[in-house]
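Scroll down for the structure; my scribbles are underneath it.
None of the figures in this text is laboratory data; all of them are computed from the coordinates on show. All values reported here derive from a predicted model rather than from experimental measurement. Note that each Cβ is placed from the backbone with ideal geometry, even for glycine, and that neighbours are counted across all protein chains shown.
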Amino acid sequence: MAMGKVLGLAVVGILTALLVERVMVFRSKFNASREVEPVDLPNCHLIKGIEAGSEDIDILPNGLAFISSGLKYPWLKSFAPDKPGEIFLMDLNDRNPRAMELRISRGFDLTSFNPHGISTFIDKDDSVYLFVVNHPELKSTVEVFKFVEEDNSLVHLKTIRHERLSSVNDIVALGPDRFYATNDNYFSDRILRFLEMFLGLTWSNVVYYSPTEVKEVVSGFYSSNGINISPDRKHVYIADLLAHNIHVMEKHANWSLTQLKVLELDTLVDNLAVDPYTGDIWAGCHPNGMKLFFYDPENPPGSEVLLIQNILSEKPTVTTVYAENGSVLQGSSVAAVYSGKLLIGTVFHRALYCPL
Ligand SMILES: [Ca+2]
Ligand SMILES: [Ca+2]
């Protein structure tokens, strides 16, 4: 056989081996073969009026819950692709809490509203600010609203755009004008995002934003997703969706972050909620990422809620509070509690209310 043919065959062989290896790593990053062991909670019910997602939920210490709904995002299903997104409010002090759509002040472009991660901030004067990651035309902006409880409305204060905020997934507010944001991918283009995930690039990061300084504070994630802060505001928690873990970071006076530890889990961790009273972390997780990203109504993505206690200790406790195969709730992305009531939100499906 000619030398050229042998070489050609060797090259094809090596490329095939590399591709097979890539596919296997990709499948393990997406937990492609995992099926959930169901963990049931009694007396849960689906929340009326939420049909096209409840990707992120943030509950104020007084029991008012904000819910972002209607996300349209590359590689993700939408049940209402032509309907603008919305923000719902639920008062968890009510005996039978209902989800009510918040009115948004005039002058804000509602038709392209595509809300994703959210975060609240309570100022010294008790003003409540709601920060919302928005994807108008699939770009990334952060919208800052002031919540006016008297008339159930959000007054739009400003739109923040920045080249470092290129593919924002979630944010955690640090003040009325500053936040940390996760960029879940380096690329925002649909095909390039797929390649980024397929090749296993760790180009995803976390950015600090303020009016005077914008900087990358951590990088090297496969896909940084949910971000939140401890009640004493000393530690920041960052979920890496495709690495199946949560990074515990120490926050410094200049807003830089250094890593204290990483908690490894067997699920794709999405948003993180922190109980303001106990400091417990509630994680909305995707047991099987393949079912989430390649949606099949016959075999839908399931839901999984983890409760993480004493994360700073030697042995944090991880409890599966709820797990389900998608016959009730598809693609849980967030879980948050207030006074014995649990809300579970999803990327594009419905939302669940569970008394604990
Ligand atoms: Ca959030
Ligand atoms: Ca998220």
What angle do you read, to the nearest 10 degrees and between 0 and 90, between the alpha-carbon axis of helix 3-29 and the longest principal axis of the chain?
20 degrees
How much mean residue ellipticity at 222 nm does the chain get from its helices, if each DSSP H run of length 4 or more adds -39500 (n - 2.57) and you divide by all residues, to the nearest 500 deg cm²/dmol?
-3500 deg cm²/dmol
Size of the dipole of the range 31-355 about the Cα centre, Lys and Arg at +1 and Asp and Glu at -1 on the beta carbon, nothing else charged, in debye to 20?
360 debye
Using the count of nearby Cβ atoms within 10 Å as a rough guide to exposure, how do M249, M100 rank from fewest to most?
M100, M249
Which of P231, P115, L154 sits closest to the plus end of the dipole of the chain, meaning its Cα is farthest towards the positive end, when Lys and Arg get +1 and Asp and Glu get -1 on the C-beta?
P115
Given the peptides 335-343, 186-194, arrange them by the average over their residues of other C-beta atoms within 10 Å, most packed first.
335-343, 186-194
The range 283-302 to the range 178-247: how many Å between their Cα centroids?
21 Å
Summing +1 per Lys or Arg and -1 per Asp or Glu among the other residues with Cβ less than 10 Å from L241's Cβ gives -2
In the chain, which cysteines lack any other cysteine Cβ under 4.7 Å from their own?
C285
Of the chain, which part is the longest with no GluC sites (Glu not before Pro) in a loop (DSSP not H, G, I, E, B) and with at most 15 other C-beta atoms within 10 angstrom?
36-162
List the residues of the range 142-177 whose backbone N lies under 19 Å from a point placed 7 Å from the Cα of S112 along the Cα-to-Cβ direction.
142-145, 156-169
Taking springs between alpha-carbon atoms closer than 10 angstrom, which of S219, S333, S68 fluctuates most in the Gaussian network model of the chain?
S219
Shape of the range 31-355, Cα gyration tensor, a/c cut at 1.5:
rounded
What trypsin sites (Lys or Arg not before Pro) does the range 1-95 have in DSSP loop regions with at most 14 other beta carbons within 10 Å?
K48, R95
